[in-house]
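What follows is calculated from the coordinates using simple rules that are stated; it is not laboratory data. Just so it is clear, the model here is predicted, and its values are computed rather than measured. Note that we place each Cβ from the backbone using ideal geometry, even for glycine, and neighbour counts take in every protein chain shown.
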There are 2 protein chains.
Amino acid sequence: MSVNNVQLIPVSPFPEINPGDNLPLIISSAIKKDDIELQDNDIVVVAQKIVSKAENRIVDLKKIKPTAFSSSVAKEVAKDPRLVEVILAETKKIIRMDMRKEGHGRLIVETRDGLILANAGVDTSNVTGGDSVTLLPLDSDKSADKIRTAIFKKLGKKVAVIITDTVGRPWREGLVDIAIGCSGITPLDDKRGEKDSRGFLLNATVMATGDQVASAAGLLMDKNSQTPLIIAKGINYKKSNRGSKSLIRDSKNDLFR
Amino acid sequence: MSVNNVQLIPVSPFPEINPGDNLPLIISSAIKKDDIELQDNDIVVVAQKIVSKAENRIVDLKKIKPTAFSSSVAKEVAKDPRLVEVILAETKKIIRMDMRKEGHGRLIVETRDGLILANAGVDTSNVTGGDSVTLLPLDSDKSADKIRTAIFKKLGKKVAVIITDTVGRPWREGLVDIAIGCSGITPLDDKRGEKDSRGFLLNATVMATGDQVASAAGLLMDKNSQTPLIIAKGINYKKSNRGSKSLIRDSKNDLFR
């Protein structure tokens, strides 16, 4: 059986993104400019940060007045009350909070979208100034759709698009990248019913292909925020337009919240 | 700033591995035979399954007599009591167990090594017969060391080696690959103190590079068990001989067990 090589290609230089920028168009142009031979079935992986910036999901903490509840939570976790106010506005449910001996505490919540993330994905690094933070895109699947459509229009190629975020995990140290928005790819690859190489039925093997692609691309993204766009070639994936939500475990079926 | 492309190359054909096989030697030969131009700093990614098989970490359930405790747990989670006996022999602590409406229940434990895994990583698929299961290697870091040493001896290249397992996660559906054994790579890449592209200090960014490499390689491994060996080229990583244990969060610092 032949298996392709996989190639991960950073698109660079990639311009600084500002609020209101037409990101789908900028992504298409950057791919063209970098002389990457984009092909059908390539996966275009985009860091959440530039999507959030283009969609103006930026909040100036100077303009935030925390409620009493946010201030109380902020005290518990030793964070800026204005930041906690912004986090809780993105939150459906607090999953865990605690104070660590050194530095800030942890505030792990379920976002409006059902993602479970520290600080609801609100990011204090690398925005326009020390008091600005970025929120996750309002609808990352829709943002991915728009990028996919623009690439087809401008470059004539049928690709998949994944928008990634960098997250912590229970039990393991260090951050990894996951897929928070998808278009044109089934992020869960259900192999149940398929047989392994010896003919035995595979046991409940459903691979989180979307997250694995995000992690692979993250190997190139994490070096600096100037490579927020990676082209992945040679990955076998199933197509679908149903977005990323199948990656989120239903709370009823989750043992850890 | 220039960022390399990353390439993931499956080594194929890869022979069927049997108990007692000299896996480090077989891996070196397979790389040579496949005409892959191995270079210093490449990462050799190896699926746990072939390591376990070579190290004869195979148990025939027919020979297992479950204790009363194992039988009781087995009833709770609707699993074979002999399988539960084998799982609990690998277990330091049961983290969660439950019964689902359909099929088998879940038994999530901390292994002797501190990994938190469903069924202690005991795998019932793709061994030598329906009643055989594989356990994780006794010391995956040591197994990785041996492979790295053999590759240097046989092929003269200084590579890193990662042994991967496929695992489930809280909150998210689908399995991903993680690093359970490492040699020659620091699996945690600590960027705290480094600045982002605008000069702002990065917030506590410690990337789980070992796990991201495992996930990247898993994109090629998950197709069939005949590609258990992937060469990853172009990844920037820090070197170390301290193995994989830094990826495991200390239980005192973990909010989810």
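Observations on the model:
- Options B:Ile163, B:Val122, A:Leu188, ranked by Cα towards positive dipole end of the protein assembly as shown, top entry (Cβ charges): B:Val122
- Percent RCO, i.e. relative contact order, over the stretch A:1-80, from Cα pairs under 8 Å lying at least 6 residues apart: 33
- Rounded to the nearest 500, the helix-only mean residue ellipticity at 222 nm of the protein assembly as shown stands at -8000 deg cm²/dmol, with each DSSP H run of n ≥ 4 adding -39,500 (n - 2.57).
- Given R0 = 51 Å, the distance between the Cβ atoms of B:Lys75 and B:Lys252 translates into a calculated FRET efficiency of 0.95.
- Taking only the C-alpha atoms of the stretch B:204-257, the Rg (one decimal) and the largest Cα-Cα distance, Dmax (whole number), read 14.3, 40 Å.
- Sites excluded, GluC sites (Glu not before Pro) in DSSP loops with at most 13 other C-beta within 10 Å, longest stretch of chain B: B:103-193
- Charge dipole magnitude, Cβ of K and R +1, D and E -1 - chain B, Cα centre, debye nearest 20: 460
- The modelled label-to-label distance between B:Ser132 and A:Asp21, using points 7 Å beyond Cα along the C-beta direction, is 5.5 nm.
- Here the stretch A:59-133 is treated as a Stokes sphere of Kirkwood radius computed over C-alpha pairs; at 37 °C and 0.692 mPa s its diffusion coefficient rounds to 265 µm²/s.
- At most 11 other Cβ within 10 Å, DSSP loop - trypsin sites (Lys or Arg not before Pro), the stretch A:47-102: A:Arg100, A:Lys101
- Tally of Lys pairs whose C-alpha atoms are under 21 Å apart, taken over the stretch A:59-133, 8 or more apart or cross-chain: 14
- Spatial offset of the stretch A:124-189 relative to the stretch B:208-257 amounts to 22 Å, using the alpha carbon center of each.
- Taken along its three principal axes, the alpha carbon spread of the protein assembly as shown comes to 68, 52, 41 Å, from the longest extent down to the shortest.
- Farthest toward positive dipole pole in the protein assembly as shown [+1 Lys/Arg, -1 Asp/Glu at C-beta], among B:Thr227, B:Leu107, B:Ala54: B:Leu107
- Cβ charges +1 (Lys, Arg) and -1 (Asp, Glu), total dipole of the stretch B:59-133, debye: 200
- Label-point separation, B:Lys153 to A:Lys158 (7 Å along Cα→Cβ), nm: 5.2
- Its Cα centre serving as origin, the stretch A:44-101 has a Cβ charge dipole (Lys and Arg +1, Asp and Glu -1) of approximately 100 debye.
- Zero-based 10 Å bins, Cα pair distances in chain A, whole percents: 7, 29, 33, 21, 9, 2, 0
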